[in-house]
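Student: One structure is given below, represented as structure tokens, and several questions about it will come after.
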Amino acid sequence: MNEQQQLIKDTLSRLLTDLCTPQEVDAAENGEWAGNLWQTLNETGLALAGVPETAGGSGGDLEDSLLVLHEAARFSAPVPLAEHFIAGLLLAEQGAVVGDAPTTIAVGDFEIDDALNLSGSAENVAFARWCGEIVLAARGTAGMKLCRIAVAETDLTPGLSVAGEPRDTISVSRQLDAANVFDAGDDIEHRIRLMGAATRSVMMAGALESTLEMSVQYSQERSQFGRSISKFQAIQHQLAVMAGEVAASTLAADCIKESFASLNEVDIAIGKARTGEAVSVCTDLAHGIHGAMGYTLEHSLNHRTRRLWCWRDEYGAEKEWQLLIGQKFVAGGADNLWATITDQS
Amino acid sequence: MFQGMTFEPGSLPEGTEALRQEVRAFLASELDPDVLPNSDFNAGVSAEFSRKLAEHGWIGMTWPKKYGGGERSFLERYVVTEELIAAGAPVGTHWIADRQSGPLLLKFGSEEQRQLFLPKIVSGELFFSIGMSEPDSGSDLASIRTTATKTDGGWLLNGSKIWTSFAHTNHYMVTLVRTQPPSENRHAGMSQIVVDLKDENVEITGIKNLSGESDFNQVFFDDLFVPDNMLLGEEGNGWEQVMSELGYERSGPERFLSAFRVLVEFTREIEENGTDEQLALLGRLSAHLVTLRRMSISVATMLESGKLPLSEAALIKDVGTTFEQLVPEVVRQAANPNASKRFIDTLNECILHAPSFTLRGGTREILKGVIARGLGLR
Ligand SMILES: Cc1cc2nc3c(=O)[nH]c(=O)nc-3n(C[C@H](O)[C@H](O)[C@H](O)COP(=O)(O)OP(=O)(O)OC[C@H]3O[C@@H](n4cnc5c(N)ncnc54)[C@H](O)[C@@H]3O)c2cc1C
């Protein structure tokens with residue numbers, strides 16, 4: 001981690017400790033937009049740390065932004081940082097600037113005709129109801145287009161994820177301004193999917209680290225049979241298993257951070273598949289260690305584990321990415337399997 | 001990642017790619033195509049192969065030139081070792097001397113001992129064994145009972161070591177003994193002594209493992225005289241010395257690649273008509289492998305910078321050996337009903353060796369204890 005990144009990490013950690021308390025997360029789950037938190041993240045430039053200045057960002061490295069997502073996930077920050085970052089990057093590629101209000105991403109089925117009439121719908125649009133705009137990919141008559149549209153100009157049906165976060169359905173039938181429609185490459189949907197999977201992997205790594213920390217702490221505070229449960233070997237061994245899964249996730253996520261600029265498909269697939277697998281192991285153990293207390297909405301363990309259960313399914317669950325890796329690796333042939341592996345720096 | 005547990009990001013320097021290709025070319029010309037490769041480091045032995053490696057300077061790579069070493073980095077050594085293991089090369093003969101006895105001698109040995117042993121290890125002529133476990137002392141290593149009693153000009157050893165890999169073919173064994181009777185401080189009073197396994201007063205009997213190979217042994221000492229100059233390090237410092245070996249012992253590629261050849265043969269089976277299920281399994285296991293490799297390179301980077309990441313090394317061994325045992329189990333369930341003989345032979349050989357993966361070098365329970373200490377729970 002370079003100095004800039006250490007600074008981001010420390011600043012964010014201070015800021016989120018103050019502004020993203022468990023009460024704030026609960027409030028968001030009860031329908032209250034964390035406007036104060038968003039405004040602060042935006043004004044400090046953290047929300048778009050890795051987006052070019054010309055595009056309204058802070059001009060840091062892409063890694064800076066992924067670090068922000070990693071840290072924010074440790075606090076279950078109930079704001080669309082990942083989507084706003086992806087939208088910011090996609091708009092920056094078009095020479096456009098993302099707004100101050102959060103922008104989200106819609107992945108669905110959209111078409112746009114030559115008169116710029118956009119129609120279509122998408123499910124599970126993260127935080128849509130609290131966003132100003134939506135960025136999406138649509139099929140044009142002569143290739144793919146990237147479109148931006150105000151949330152107010154869509155029909156929105158509210159929905160919630162297992163984590164209690166907005167995952168709304170939107171549908172659109174409206175003519176867009178030429179200024180809001182851009183030519184995009186034919187791989188735009190694939191690129192959005194990769195960016196989505198990459199950000200979710202990094203977020204899972206952050207939330208997993210926090211889950212381990214909470215579990216270690218709880219085991220030291222909770223006492224049964226006259227001693228803290230952290231003294232029981234069975235509990236120690238469960239925490240050691242979690243530590244192994246968390247270490248693997250963190251390193252897989254680090255790999256994604258380093259190669260995000262090139263959107264390396266296999267790195268992202270490995271990250272999503274590996275962190276997703278770690279979620280199953282760690283949420284199981286963390287809940288076991290926390291006993292009934294962890295099964296309540298009172299203890300903030302649920303903020304982490306419920307998000308982990310949501311994120312592992314978004315932008316492709318493990319199986320989809322495992323298949324992609326398998327197809328790539330088998331193509332090299334058995335006798336080159338090792339070379340294929342060492343080529344994955 | 002967590003206080004007390006860090007994996008600094010590491011990557012292999014540019015120059016290692018040429019070295020990797022050199023090793024690959026060597027292996028392509030050296031490995032006998034009629035021998036089924038086995039990526040378990042303990043499975044294949046060939047003194048001749050070890051000597052050829054030595055000719056290329058691939059034993060004692062990181063050691064000082066004055067002892068014949070290559071003064072190369074830990075990361076260069078990492079590349080050589082992972083290439084050897086992945087190819088299933090017979091590395092068992094020199095492995096221990098290169099991995100831990102040499103570094104131990106460099107750290108704690110006398111100048112005389114270094115001059116005596118290191119150049120010959122580097123040239124592939126001297127091979128070492130580990131003499132830690134005893135019939136009544138496995139995980140609880142501090143309970144060992146083999147004693148060394150001071151006598152004129154040396155020590156008299158009494159007792160027995162067990163599970164000693166390749167004691168019957170290797171030349172020396174770094175032996176953990178009690179030089180003082182047990183006291184309140186369980187870790188005090190132990191020392192390390194280099195025993196000449198070719199001494200006619202050392203009795204060695206082979207023990208057959210699950211696959212019928214007699215690669216480990218019981219070693220007996222009955223008033224065995226060992227001269228003073230074979231005490232390794234300070235008298236009484238044995239425990240600390242043994243612990244320092246473990247950082248090297250636990251984090252290397254041999255802790256997650258033991259079942260790699262099974263994955264290769266599984267890939268061969270599904271090259272043509274693999275189902276989505278089979279391909280996804282290859283993808284899943286590859287994702288584990290790539291990640292473990294990054295963890296191991298991270299620790300090699302920390303070793304290179306002079307750190308001794310003991311709990312991180314224990315964590316890699318625990319996650320890595322769990323993975324090694326997972327591979328044959330899930331692959332056999334996904335295999336085609338008409339699998340090739342080559343696949344089945346590779347799989348069965350791995351299944352017979354697999355129980356040892358989580359025993360040698362510290363059991364999973366012991367490793368988890370070390371990790372728990374790293375997490376601040378002990
Ligand atoms: C292939 C192979 C090669 C080997 N080569 C060598 C060698 O070259 N030199 C050498 O010195 N040794 C060697 N060993 C021995 C190895 O180090 C020991 O097997 C290992 O330390 C475990 O000791 P043990 O087998 O006596 O098992 P034990 O210590 O008896 O353990 C049996 C079971 O009890 C568990 N257990 C023990 N203590 C605890 C505890 N405190 N808490 C929870 N569970 C516990 C263990 O985890 C294990 O599950 C080798 C072993 C194998 C399998």
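Student: For region A:223-244, which positions are within 15 Å of B:Thr322 (Cβ to Cβ) and more than 8 Å from every other protein chain (Cβ to nearest Cβ)?
Tutor: If the condition is that a residue be within 15 Å of B:Thr322 (Cβ to Cβ) and more than 8 Å from every other protein chain (Cβ to nearest Cβ), then A:Gln238, A:Met242 are the ones that fit.
Student: Might you check whether a residue that is in contact with a Gly (Cβ under 7 Å, 6 or more places away or on another chain) and free of Cβ contacts under 8 Å to residues at least 40 places away in the same chain occurs anywhere in region B:115-125?
Tutor: Filtering region B:115-125 down to residues in contact with a Gly (Cβ under 7 Å, 6 or more places away or on another chain) leaves B:118-119, B:121-123.
This time we only want the ones that are free of Cβ contacts under 8 Å to residues at least 40 places away in the same chain, so: none.
No, the conditions are met nowhere in region B:115-125.
Student: Also, I was wondering about something else. For residues that are within 14 Å of another protein chain (Cβ to nearest Cβ), more than 16 Å from the ligand (Cβ to nearest atom) and not in a helix (DSSP H, G or I), tally how many sit in region B:338-364.
Tutor: The total comes to 2.
Student: Now for a separate question. Considering only region A:210-236, state which residues are in a helix (DSSP H, G or I) and over 15 Å from B:Gly376 (Cβ atoms). Walk me through it before giving the result.
Tutor: Our first condition is that a residue be in a helix (DSSP H, G or I); within region A:210-236, this holds for A:210-221, A:229-231, A:233-236.
The answer is A:Ser210, A:Thr211, A:Gln233, A:Ala234.
Student: Can you say whether B:Ser298 is within 14 Å of chain A (Cβ to nearest Cβ), in contact (Cβ under 8 Å) with a residue 12 or more places away in the chain and more than 21 Å from the chain's Cα centre (by Cα), as far as the supplied structure shows?
Tutor: On the way: within 14 Å of chain A (Cβ to nearest Cβ): yes; in contact (Cβ under 8 Å) with a residue 12 or more places away in the chain: yes; more than 21 Å from the chain's Cα centre (by Cα): no.
So B:Ser298 fails the test.
Student: Any residue that is over 24 Å from A:Gly271 (Cα atoms) and surrounded by 19 or more Cβ atoms within 10 Å (Cβ to Cβ) - is there at least one of those in region A:64-74?
Tutor: Pass one, region A:64-74, residues over 24 Å from A:Gly271 (Cα atoms): none.
Checking region A:64-74: not a single residue is over 24 Å from A:Gly271 (Cα atoms) and surrounded by 19 or more Cβ atoms within 10 Å (Cβ to Cβ).
Student: Here are some residues: A:Ala261, A:Ala278, A:Ala253. Which one is part of a helix (DSSP H, G or I), surrounded by fewer than 16 Cβ atoms within 10 Å (Cβ to Cβ), more than 9 Å from chain B (Cβ to nearest Cβ) and under 17 Å from the mean Cα position of the chain (by Cα)?
Tutor: Working: A:Ala278 fails: surrounded by fewer than 16 Cβ atoms within 10 Å (Cβ to Cβ); A:Ala253 fails: surrounded by fewer than 16 Cβ atoms within 10 Å (Cβ to Cβ).
Of A:Ala261, A:Ala278, A:Ala253, the one residue that is part of a helix (DSSP H, G or I), surrounded by fewer than 16 Cβ atoms within 10 Å (Cβ to Cβ), more than 9 Å from chain B (Cβ to nearest Cβ) and under 17 Å from the mean Cα position of the chain (by Cα) is A:Ala261.
Student: Please pick out the residue among A:Val202, A:Val162, A:Val172 that is open to solvent by 20 Å² or more (accessible area, probe 1.4 Å), touching a residue at least 60 places away in the same chain (Cβ under 8 Å) and aliphatic (A, V, I, L, M).
Tutor: After applying the criteria, what remains is A:Val162.
Student: Quick one: A:Met242 ticks every box in (1) open to solvent by 10 Å² or more (accessible area, probe 1.4 Å); (2) in the same structural domain as A:Val281 (by TED's automatic domain parsing); (3) in contact with a Leu (Cβ under 6 Å, 6 or more places away or on another chain) except a single one, so which number is it?
Tutor: (1)
Student: Another one. I'd like the full set of residues that are touching an Asp or Glu at 6+ places or on another chain (Cβ under 8 Å), surrounded by fewer than 17 Cβ atoms within 10 Å (Cβ to Cβ) and not in a helix (DSSP H, G or I), limited to region B:109-155.
Tutor: Those that are touching an Asp or Glu at 6+ places or on another chain (Cβ under 8 Å), surrounded by fewer than 17 Cβ atoms within 10 Å (Cβ to Cβ) and not in a helix (DSSP H, G or I): B:Ser139, B:Arg145, B:Gly153.
Student: State which residue pairs qualify: first residue within 14 Å of chain A (Cβ to nearest Cβ) and inside region B:200-216, second residue in a loop (DSSP other than H, G, I, E, B) and within 12 Å of the ligand (Cβ to nearest atom) in any location, beta carbons under 9 Å apart, and separation of 6 or more residues or different chains.
Tutor: Pairs that qualify, where the first residue is within 14 Å of chain A (Cβ to nearest Cβ) and the partner is in a loop (DSSP other than H, G, I, E, B) and within 12 Å of the ligand (Cβ to nearest atom): there are none.
Student: So which residues in region A:76-129 are in a helix (DSSP H, G or I), assigned by TED's automatic domain parsing to the domain that holds A:Gly143 and crowded, with 20+ Cβ neighbours inside 10 Å?
Tutor: Selection gives A:Ala128 alone.
Student: Checking the structure you have, find out if any residue of region B:49-57 is closer than 26 Å to B:Val327 by Cα, more than 16 Å from the ligand (Cβ to nearest atom) and open to solvent by 10 Å² or more (accessible area, probe 1.4 Å). Write out each step before concluding.
Tutor: Taking region B:49-57 and keeping what is closer than 26 Å to B:Val327 by Cα, we get none.
No.
Student: Another question, then. Any chance you could count how many residues in region A:224-243 are within 30 Å of A:Ser201 (Cβ to Cβ) and within 16 Å of the ligand (Cβ to nearest atom)? If you could, list the steps in order and put the result at the bottom.
Tutor: Narrowing region A:224-243 to residues within 30 Å of A:Ser201 (Cβ to Cβ): A:230, A:235-243.
Imposing the further condition that a residue be within 16 Å of the ligand (Cβ to nearest atom) reduces the set to A:230, A:235-241.
Result for region A:224-243: 8.
Student: Could you list all residues from region B:365-377 that are open to solvent by 30 Å² or more (accessible area, probe 1.4 Å), part of a helix (DSSP H, G or I) and more than 7 Å from the ligand (Cβ to nearest atom)? Before the answer, list the steps.
Tutor: Going through region B:365-377, the residues open to solvent by 30 Å² or more (accessible area, probe 1.4 Å) turn out to be B:365-366, B:370, B:373, B:376.
After this cut, where a residue has to be part of a helix (DSSP H, G or I) as well, the list is B:365-366, B:370, B:373.
Result: B:Val370, B:Arg373.
Student: Within the group B:Ser139, B:Ser133, which residue is within 15 Å of the ligand (Cβ to nearest atom), within 14 Å of another protein chain (Cβ to nearest Cβ) and either farther than 15 Å from B:Asp223 by Cβ or in contact with a Cys (Cβ under 7 Å, 6 or more places away or on another chain) (or both)? Show your work before the answer.
Tutor: Working: B:Ser133 fails: within 14 Å of another protein chain (Cβ to nearest Cβ).
Being within 15 Å of the ligand (Cβ to nearest atom), within 14 Å of another protein chain (Cβ to nearest Cβ) and either farther than 15 Å from B:Asp223 by Cβ or in contact with a Cys (Cβ under 7 Å, 6 or more places away or on another chain) (or both) holds for just one of B:Ser139, B:Ser133, which is B:Ser139.
Student: Sticking with this structure for a sec: Please find, within region A:289-345, the residue that is farthest from the other protein chains (Cβ to nearest Cβ) out of those that are within 16 Å of A:Gly276 (Cα to Cα) and hydroxyl-bearing (Ser, Thr, Tyr). Talk me through it step by step, then tell me what you get.
Tutor: Of region A:289-345, the ones within 16 Å of A:Gly276 (Cα to Cα) are A:304-325.
If we keep only those that are hydroxyl-bearing (Ser, Thr, Tyr) too, we end up with A:305, A:315.
Details: A:Thr305: 18, A:Tyr315: 16 Å.
Residue satisfying both the conditions and the ranking: A:Thr305.
The values are calculated or read from the model by the stated rules, or taken from the named source; none is laboratory data. Since the structure is predicted, the reported quantities are computational estimates derived from the model, not experimental observations. For neighbour counting, all protein chains shown are included, and Cβ atoms are generated from backbone atoms with ideal geometry for every residue, glycine included. These area figures cover heavy atoms from the full protein model, side chains too; ligands, DNA and RNA do not enter into them. Shrake-Rupley method; radii C 1.70, N 1.55, O 1.52, S 1.80 Å.
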